[in-house]
Amino acid sequence: MRAKYDVLAANPDFRALLAACPVHATWDDHDYGLNDAGSEYTKRDEAQRIFVDFWNDAPDSPRRTRPGVYESAIYGEPGRRVQVLMLDTRYFRGPLKKGERRLGGHWIPDEDPAIPMLGEEQWAWLEEELKKPAELRLVASSIQFVASDAGQETWSNLPAERRRFFDLVAKTEAAGVVVLSGDRHWAELSVEREGVPYPIWDITSSSFNQLHPRGTPTDNSKRALPTTWHRENFGEIEVDWKGEDTEVHLRIRDVEGKAVIEQTLSLGELRKGG
């Protein structure tokens, strides 16, 4: 794992990115250490030490002393605050339930509320973070959050945990939540409109450079647009601050920078009663 990080560290474009802007990182299964792995992975603590060393966490970073690589930051002044919340969907996650294999894989929903996604310590942290004042909250989840179950790893495989997130947004009255996700080796946009205080959007971008050999999207009843994208891509969130009329632009761009999926939201839509 250290050798692979060394390859990335030597990449001049990656070094330029680090020099150009703040970078926040979380992990998915393959930088965690094992395909589709959760809390059963025996090397998770060693993987976390390598992870925080590579991302140059400060000596007093909480990620050096507590389990899990979740973190947060807030940028901007009152009226234009953007909160960044990086979740850890690996370290604490319990076992997934296996069923008949479908196009996207063999995982199926498990209604057992005792199986965790984030773990109690991370849930407590998340609740306190959502109580902080911010106009827009970008919640990074390594796996898709809104997308419906279709065999692959998604929050829909642990529906009680997914519901807990929605309930926590309502309880804390946290406005402006937009989820950022990856994992799928294609890009799409999903939205949940039922049982939530306001529509929760999930922009999935992946991958920079690892094309899926199949290239066929799995079923997703929560897909917001018919368009999906199956070449290299990255996600972009642009905020056009206009007070009450502030616009949030969700975009997927290809390697040439062309927008291939776009959706514009008003900040007013991302609040209860909006």
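The values are calculated or read from the model by the stated rules, or taken from the named source; none is laboratory data. This structure is a prediction, so every number in the text was calculated from the model and none was measured. Neighbour counts run over all protein chains shown; Cβ positions are idealised from the backbone, glycine included.
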Selection within segment 21-67 - among the basic types (Lys, Arg) and under 15 Å from LEU87 (Cβ atoms):
ARG63, ARG66
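Quick grid of which residues meet (1) free of Cβ contacts under 8 Å to residues at least 24 places away in the same chain; (2) surrounded by fewer than 19 Cβ atoms within 10 Å (Cβ to Cβ); (3) closer than 26 Å to GLU236 by Cα:
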| residue | (1), (2), (3) |
| --- | --- |
| GLY151 | no, yes, no |
| TRP155 | no, no, yes |
| ALA174 | no, no, yes |
| SER181 | no, no, yes |
| GLU188 | no, no, yes |
| PRO199 | no, yes, yes |
| ASP202 | no, no, yes |
Being out of contact with any Lys or Arg (no Cβ under 9 Å at 6 or more places or on another chain), at pLDDT 95 or above, among the basic types (Lys, Arg) and assigned to a strand (DSSP E or B), is that true of even one residue in segment 254-270?
no
Among residues belonging to segment 32-49 that are out of contact with any helix residue (DSSP H, G or I) (no Cβ under 8 Å at 6 or more places or on another chain) and part of a loop (DSSP other than H, G, I, E, B), point out the one that is nearest to TRP241 (Cα to Cα).
GLY38
Does segment 241-251 contain at least one residue that is in a loop (DSSP other than H, G, I, E, B) and in contact with a Lys or Arg (Cβ under 6 Å, 6 or more places away or on another chain)?
yes
Segment 3-17 - residue that is over 17 Å from ILE50 (Cβ atoms) and of a type in the set (A, V, I, L, M) and, of those, surrounded by the most Cβ atoms within 10 Å (Cβ to Cβ)
LEU17
Considering residues that are part of a loop (DSSP other than H, G, I, E, B), of a type in the set (S, T, N, Q) and surrounded by 12 or more Cβ atoms within 10 Å (Cβ to Cβ), the number found within segment 50-103 is 2
